[in-house]
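The values are calculated or read from the model by the stated rules, or taken from the named source; none is laboratory data. Only a predicted model underlies this, so the values are computations on that prediction, with no experimental measurement involved. Note: ideal-geometry Cβ built from the backbone for every residue, glycine included; neighbour counts use all protein chains shown. To get the accessible areas, we keep the full protein, side chains included, count just its heavy atoms, and leave off ligands, DNA and RNA. Shrake-Rupley method; radii C 1.70, N 1.55, O 1.52, S 1.80 Å.
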Amino acid sequence: MRSFRILGPAASAKGAKTIELETILAGPVLRRVEAQRVCIWVATSGPSEVVGRIYAIDTETGSIVRELASATAERRRIGANLFVHLVEAGPSEGELPLDELLGYDLELDGRGLGELGFLEGPGRIAYGTLPLPTFFIRRALPALRVLHGSCRLLHGKGEDALQGADEYLSRRALDVVGRPGALFLTGDQIYADDVAGPLAAHLRVLAPALWGEGEPRSVPSVSSLDDIPLYGRKSLACEQAQFTSEKPSNHLMSFGEFAAMYVLAWNERNWPDPFPDASVAVPADSAQPLSVAARRRKYRKEVEDL
């Protein structure tokens, strides 16, 4: 965890607020796998050195057989406290084993996934007795099995489809014939317009923590995003920006907000715990008492849905 003090209206009316950023903000994610290379993506809050390693896995015992490839990630600084890393690991010659179970580990400054807390407890990303997260590269298997999704509405109704996919995969983790070989998300992965108020409020703290001090003033023709109240962006989104949306009241505007929304969507440890009370998130306004009451009801319902 890394601590940062956020100053100004984004923090609170009383001044500064301290926010804790996870070392790993999002990921690890397998972005692409081929016979010659495996691409592993991760976002961090600091300039860590990231090394990825690929292993052969014994499907009978679920144990590591040998290391097949390793590589140090290429790193890009996206914001003041937002770094994106991409490992491209492949064999020095030939190909990685095809139609066989493979595993990977990721080291941040010398600490592997186990030391980072990813291989035990509720945040474990390896299935069953497997020592590492696993995948396979298909060549001759009889069926191509994939999972498909689009945008993920975090306060949407019903069960979480990704949880269903996770449960399906967990039952077939050792079976390269029966388990899906890829996940295709063919939408934007997040909703930039229909943003729940409880998350939109947190974004105004998280975005400058990731992007930097000038983030609230980074949108042209807007003095500061912090000056716009919760559920108050309809005019900005539809009239000034000319966006077409039926639910624009908390529309994302800055790059920092988009980045913050992605790390919220992919890592619940970036969520506030607990969400602020509606009376804090939607302050009283003697001139518009009915509007305040309606916004507070909506906020409480969205907290339940989240």
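Per residue, the convex hull spanned by the Cα atoms of region 14-113 measures out at 118 cubic angstrom. Across region 153-213, how large is the tail of the calculated P(r) beyond 20 Å, expressed as a percent of all Cα pairs? Percentage above 20 Å: 51.
Taking other residues whose beta carbon is less than 11 angstrom from the beta carbon of residue 275, and scoring Lys, Arg as +1 and Asp, Glu as -1, yields -3. When the P(r) is computed for the chain, the part past 28 Å accounts for 46% of the Cα-Cα pairs. Under 5 Å from the amide H of residue 25 lie the amide H atoms of 43, 44, 45, each residue being 5 or more positions distant or on a separate chain, with H modelled from the backbone and absent for Pro and chain starts. Computing FRET efficiency as 1/(1 + (r/R0)^6) for residue 234 and residue 116, where r is the C-beta to C-beta distance and R0 is 41 Å, gives about 0.50. For the chain, the longest principal axis of the C-alpha atoms and the axis of helix 161-170 are separated by about 20°. A simple rule links phi to the HN-Hα coupling: the Karplus curve 6.51 cos²θ - 1.76 cosθ + 1.60 with θ = phi - 60°, which for region 183-197 gives 10, 10, 10, 9, x, 8, 6, 10, 9, 8, 9, 7, 9, 4, x Hz, with x for Gly and Pro.
Assuming charge only on the beta carbon of Lys and Arg (+1) and of Asp and Glu (-1), the dipole of region 232-306 about its Cα centre is about 220 debye to the nearest 20.
Evaluated at 20 °C with a viscosity of 1.002 mPa s, what Stokes-Einstein diffusion coefficient in µm²/s does region 205-306 have when Rh comes from the Kirkwood expression over alpha-carbon pairs? Rounded, D is 143 µm²/s.
Taking only the C-alpha atoms of region 52-111, the Rg (one decimal) and the largest Cα-Cα distance, Dmax (whole number), read 14.2, 46 Å. Can you send over the carbon and sulfur percentage of the accessible area for the chain, probe radius 1.4 Å, protein chains only? Within the chain, the accessible surface is 50 percent carbon and sulfur. In this Cβ point-charge picture (+1 for Lys and Arg, -1 for Asp and Glu), the chain has a dipole of about 760 debye about its Cα centre.
Region 90-238 has equivalent-ellipsoid semi-axes of 39, 20, 16 Å, by the square roots of 5 times the alpha carbon gyration tensor eigenvalues, sorted largest first. When the label point is put 7 Å from the Cα of residue 150 along its Cα-to-beta-carbon vector, which residues of region 178-197 have a backbone N closer than 19 Å? Once the point is set 7 Å along Cα→Cβ of residue 150, 183-196 turn out to lie under 19 Å by backbone N, inside region 178-197.
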